[in-house]
Amino acid sequence: MKQLSSGNNKELSDYCHYIRGNSFRQLKLFKEAQKELNLISKDFPFYYLADKYLGEIYLELKEFDKAISHFEKLEKRTPAQTPDYKISVIYQNLGLCYLHLQKFDKAEEYLFKSKELKEKENDNASLTYLYMNIANLYYTQYKDDKAITYFEKSYSLSKQIKDFDKKRDAALNMAVVEENRGNFKKSLVYRKEFEQWKDSLTNQNKIWALADYEKKFAVAQKQKQIKVLEVENQLKNTQRNSLFFSAIGLLIILTGGVYLYAQKAKNSKIILTQKNKLDQLNNTKDQLFSIVSHDLRSSVNALKTSNSKLSTTLETKNYDELNQLIIQNSAIANGAYSLLDNLLHWAMLQTKQLYFHKESVHLNSIVQQIEYNYKPLLLDKSITFENSVPKNIFILADIDSLKIIFRNLLDNAIKFSNENGKISFYTRENNSEYCELVIEDNGIGMSQETIKELLADNDLLAKKNDSEIIGTGLGMQLCKQMIKKNNGTFTIESEINIGTKIILTFPKITNNG
């Protein structure tokens, strides 16, 4: 629990969840075991054992469809990938699940697969139990002749094992078989044998209990002896310690001097590190203010120039040019507003004032809202927008930060798309726990060097070489930080003059689908 509360090491956390889940399972605390095993990540080297334990838990809880889904995952693995269990056990468990679901053909298929392997393994105890299951399969379908054959095989094998439970069950099955045949005399013999094994099991439990008491008594005696030896050792240690006090005192003085010197050097190093970090932060702040001020000044200057043209156009009553200038002014204002909005959210994120509330979010609806907000810009460049996100997908995310992410990424896609281009939002199937969302455009694309810089953990992005301009980089940094806050991931695929794919993943909520 200490390790899990720290949460600093993903691998150790996986081991902790695995050990806790297995322990709860052995204590028959199935709900707690499920919770722990489901917290194990897919990268855990023993994740397949978590599937095995979850399948066995669902089998115990009689949730057979869920048990089948976990056992089928294990069935697809090769023996080299699963050295810690036998595939014959998985086949037997699958057969049991289908038997309970009354899917007799599937049950027979898997039980006989298990039989073929177990007969080669010579595991008589496991084979005894398997024969009982096959017999019950036929007995349920009123195929008594086949059932009786396997009841007899199970009983015969039980003679060679030491498991009292299986001996008792085999004898009881034969008693029922003979009763159904009308051989009450033979049935009585098997009933007596059943009672004999039942009593033996009880006696064995008593023997184990007595052995446990004897063990506890022996441990108590040893603990008393240990305490006596501890007292003797304490007396000896007291005598020895008196001889070393003076030497220890001198050593403490020397150590104290060395420690004080080392602490002073350490403090100086910390102060220097903090100074360098503060200088770096100040440089970042100055760079940010410089770039933002430059971009805002450019936007305001462009707006001022455009307004002058607007006044002139009003006098000449050139309505076509007037319409173009109004659209241009709107685009300039939107760009400046987006810059200031990103700056505000970035500042709140850096000062930890931004509140995140994760909830169930309908992904298709959010994409529709963002499309509506950017409809004028899309129409202005005659860009086709396609929302192919399925309507049954819900993700766990903070809705406000999700809108900021989509707005910035769509704004970039529009900015770097050509006239009559196309922008698509769609999902790709990855796994049942995460939703993979792709934002694709067929615009100018970007180089691998640019992708590398965009994905790097930099504070800000500067102007790029040639004509490729990213701006302040605030929007992209804001997206990356907010995606991380929502437990998501962010990757880019792009080729020059072909287009760009922005690939996001978020935790999926499956129970809504």
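The values are calculated or read from the model by the stated rules, or taken from the named source; none is laboratory data. This structure is a prediction, so every number in the text was calculated from the model and none was measured. All Cβ positions, even for glycine, are placed from backbone atoms using ideal geometry, and neighbour counts span all protein chains on display.
Laid out as a table, the results:
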item: Single residue of Lys42, Lys73 found to be of a type in the set (Lys, Arg), at pLDDT below 85 and under 23 Å from Lys118 (Cβ atoms); result: Lys73
item: Qualifying positions in the range 47-65 - hydrophobic (A, V, I, L, M, F, W, C) and closer than 19 Å to Ser432 by Cα; result: Leu49, Ala50, Leu54
item: Every residue from the range 415-444 that is surrounded by fewer than 19 Cβ atoms within 10 Å (Cβ to Cβ), over 22 Å from Ser360 (Cβ atoms) and aliphatic (A, V, I, L, M); result: Ile444
item: Residue within the range 432-444 that is modelled with pLDDT under 80 and either more than 24 Å from Thr384 (Cα to Cα) or outside the structural domain of Leu379 (by TED's automatic domain parsing) (or both) present; result: yes
item: Elements of type helices (runs of 4 or more DSSP H) contained in the range 1-62, each with 1 or more residues being hydroxyl-bearing (Ser, Thr, Tyr) and out of contact with any strand residue (DSSP E or B) (no Cβ under 6 Å at 6 or more places or on another chain); result: 2-6, 10-26, 47-60
item: Condition check for Asn329: assigned to a helix (DSSP H, G or I), more than 30 Å from Leu504 (Cα to Cα), modelled with pLDDT of 65 or more and touching a helix residue (DSSP H, G or I) at 6+ places or on another chain (Cβ under 6 Å); result: yes
item: Test: residue in the range 374-390 that is assigned by TED's automatic domain parsing to the domain that holds Leu504, over 18 Å from Asp441 (Cα atoms), outside any helix (DSSP H, G or I) and of a type outside the set (Phe, Trp, Tyr); result: yes
item: Restricting the range 480-513 to residues that are of a type in the set (Lys, Arg) and more than 22 Å from Phe394 (Cβ to Cβ), the residue that is surrounded by the most Cβ atoms within 10 Å (Cβ to Cβ); result: Lys480
item: Selected residue (criterion: farthest from Gly445 (Cα to Cα)) from residues of the range 391-422 that are among the polar types (S, T, N, Q) and part of a helix (DSSP H, G or I); result: Ser401
